[in-house]
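J.: Pasting a structure below so you can have a look.
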Amino acid sequence: MNSVNWAGIWAIFHHEMMRFFRTIMQSLLSPVVSTVLYFVVFGAAIGGRIQSVEGVAYGAFIVPGLMMLTILQQSVSNASFGIYFPKFSGTIYEYLVSPVGWIEVTMGFVGAAAAKAILIALVILLTSFFFVGVHILHPFWMLAFLFLTALGFSLLGFILGLWARTFEQLQLVPMMVITPLVFLGGAFYSASMLPPFWEAVAKLNPVLYLISGFRWSFFGLADVPVGVSLVAVGIMIVVCLAIIRWIFATGWRLRE
């Protein structure tokens with residue numbers, strides 16, 4: 001069995017992170033402005049009508065949802081654009097003929113995408129402190145869910161970047177699938193607030209399990225058992241890795 005080429009992983013990771021830091025102000029400013037708007041609209045307007053959810057002030061209750069919304073969007077977009085541009089420009093052949101395998105290429109691009117998403121999510125958490133008092137009940141599990149979710153959706157974005165043939169296809173899944181699932185997955189409300197039938201329907205949404213586990217790490221509140229949330233994100237990571245391995249083994253859409 002060949003050893004992992006850590007130098008190759010670092011080279012890809014460093015290149016992607018440097019691209020991010022060259023535009024760091026634009027990369028961080030947009031999420032911060034969006035967070036402020038969410039707090040103004042949801043925290044002030046809706047929060048004036050919904051004082052608390054299960055004993056947690058509504059303004060604080062939506063913080064994990066805002067962070068999860070950012071994690072999912074940023075992870076998918078960063079990873080998909082990161083691998084799509086080498087395909088678009090033809091430089092992906094440099095990766096295919098270099099002494100790195102699918103593991104190194106995946107770890108480099110996905111690791112950078114996840115790191116960017118986590119950094120932006122933490123900036124949003126810091127921003128929220130200016131608006132509401134947020135207490136993190138389980139800091140370790142908060143970071144664990146943050147990392148696992150960023151990793152899982154960065155892998156999904158990596159697959160999307162390999163699959164897409166056009167920029168329109170690249171933006172289709174985040175706009176038409178990821179964002180609606182987040183809004184319907186309890187980002188700004190608890191599934192327990194829904195009528196029984198719609199609560200059961202909401203639990204068919206896989207994103208609900210991620211948001212539920214992440215919110216539990218803040219407030220000890222969960223719509224589904226925390227163990228189920230961990231299993232859900234674990235299954236997602238394993239399935240995505242299997243798909244990526246198959247893509248590199250068969251060359252599907254790599255050379256198009």
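Please treat every number below as a calculation from the coordinates, not as lab data. Just so we're clear, the structure is a prediction, and the values are computed from it rather than from any experiment. A quick note on method: Cβ atoms are made from the backbone with ideal geometry, for glycine too, and the neighbour counts reach across all protein chains shown.
J.: Can you work out ³J(HN,Hα) from phi for every residue in the range 180-196, in order, using Karplus 6.51 cos²θ - 1.76 cosθ + 1.60 and θ = phi - 60°, giving whole Hz and x for Gly and Pro?
T.: With the stated coefficients, the range 180-196 comes to x, 5, 5, 5, 8, x, x, 5, 10, 7, 9, 4, 5, 7, 7, x, x Hz.
J.: Another question, if that's okay. Please express the shape of the range 123-209 as an equivalent ellipsoid: the semi-axes are the square roots of 5 times the eigenvalues of the C-alpha gyration tensor, given largest first in whole angstrom. Intermediate results must be reported in sequence, preceding the final value.
T.: Details: eigenvalues 137, 85, 34 Å².
Taking √(5λ) for each Cα gyration eigenvalue gives 26, 21, 13 Å.
J.: Highest first, please rank the peptides 217-226, 198-207 by the mean number of other Cβ atoms sitting within 10 Å of their residues. Walk me through the intermediate numbers first.
T.: Working: 217-226: 18.8, 198-207: 15.2.
The packing order, highest mean first, is 217-226, 198-207.
J.: Of the options ALA164, LEU210, LEU37, report the single residue whose Cα projects farthest towards the positive end of the charge dipole of the chain (beta-carbon charges: Lys, Arg +1; Asp, Glu -1).
T.: ALA164
J.: Oh, and also: Would you work out the charge dipole size for the range 16-155 about its Cα centre, treating the Cβ of every Lys and Arg as +1 and the Cβ of every Asp and Glu as -1, and quote it to the nearest 20 debye? If you can, show how the numbers build up before the last one.
T.: Working: 5 positive and 4 negative charges, 47 e Å.
For the range 16-155, the charge dipole is close to 220 debye.
J.: Please name whichever of GLY152, ALA60, PHE219 sits farthest to the positive end of the charge dipole of the chain, dipole taken about the Cα centre and charges placed at Cβ: Lys and Arg +1, Asp and Glu -1.
T.: Working it through, the farthest residue towards the positive pole turns out to be GLY152.
J.: Can you tell me the Rg and the Dmax, both Å, for the Cα atoms in the chain?
T.: Rg and Dmax of the chain, Cα atoms, are 18.9, 61 Å.
J.: Something else now. Pairs of Cα atoms under 8 Å, at least six residues apart: use those to get the relative contact order of the chain, whole percent. Provide the component values of the computation, followed by the final result.
T.: Values: 314 pairs, mean separation 65.3, N = 256.
Result for the chain is 25 percent.
J.: In deg cm²/dmol, rounded to 500, what helix-only [θ] at 222 nm does the chain give when every DSSP H run of at least 4 residues adds -39500 (n - 2.57) and the total is split over its residues? Working shown, then result.
T.: Numbers: 12 runs with 179 residues, N = 256.
Using -39500 (n - 2.57) per qualifying helix, the result is -23000 deg cm²/dmol.
J.: Please arrange LEU155, LEU146, LEU119, LEU137 by counting, for each residue, the other beta carbons lying within 10 Å of its beta carbon, fewest first.
T.: Values: LEU155 26, LEU146 22, LEU119 18, LEU137 12.
Going from sparsest to densest Cβ surroundings: LEU137, LEU119, LEU146, LEU155.
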